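The structure appears below as structure tokens.
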Amino acid sequence: QVQLVESGGGLVQAGGSLRLACAASGSISRAHFLSWYRQGREKERELAATITSIGSTNYADSVKGRFTISRDNAKNTVYLQMNGLKLEDTAVYYCYALVGVTNYWGQGTQVTVSS
């Protein structure tokens with residue numbers, strides 16, 4: 001069983017930066033995929049970034065070059081560094097882990113970008 005708790009969200013001006021953290025109660029070293037999803041108001045949840053167990057990363061086109069996902073297995077934490085934030089990045093950001101065949105989700109953290 002893995003529990004995921006996100007932190008680091010908040011209000012930031014356009015062009016600013018935030019770093020989200022997702023702390024896992026169990027070991028994430030076995031996670032095949034660790035991802036950050038986001039869901040804006042009245043929008044579907046979308047994948048923002050993924051990191052695999054061997055450190056390969058993948059990003060949505062909308063965040064490529066601005067966001068960086070990383071993982072620290074020793075701290076059981078996955079991060080999302082977000083730079084150059086835009087108004088359209090406003091969303092609830094969710095941490096996701098695939099461990100074996102089980103999906104785990106965090107409760108989400110709100111990111112609001114203001115003009």
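The values are calculated or read from the model by the stated rules, or taken from the named source; none is laboratory data. Keep in mind that what you see is a predicted model, and the values were worked out from it rather than measured. Positions of Cβ are backbone-derived with ideal geometry, glycine not excepted, and every protein chain shown enters the neighbour counts. In case anyone asks, the SASA skips ligands and DNA or RNA and just uses the protein heavy atoms, side chains included. Shrake-Rupley method; radii C 1.70, N 1.55, O 1.52, S 1.80 Å.
Odds and ends about this structure:
- For K86, a cut-off of 27 angstrom between C-alpha atoms picks up these lysines, skipping any fewer than 8 places away in its own chain: K43, K64.
- Listed residues I51, A74, S115: farthest to the positive end of the dipole of segment 40-115 (Cβ charges): A74
- Of K75, K64, K86, the order by accessible heavy-atom surface (1.4 Å probe, DNA, RNA and ligands excluded), from most exposed downward, is K75, K64, K86.
- Protein accessible area in segment 1-86, 1.4 Å probe - carbon and sulfur %: 45
- Length-normalised contact order for segment 16-115 - Cα pairs under 8 Å, 6+ apart - percent: 33
- Applying both filters, DSSP loop and at most 12 other Cβ atoms within 10 Å, to the GluC sites (Glu not before Pro) of segment 42-115 gives E42, E44.
- Cβ charges +1 (Lys, Arg) and -1 (Asp, Glu), total dipole of the chain, debye: 180
- Per DSSP, loop trypsin sites (Lys or Arg not before Pro) in segment 1-58 with at most 13 further Cβ within 10 Å: R30, R41, K43
- For the chain: span of alpha carbons on each principal axis (Å, largest first): 41, 24, 23
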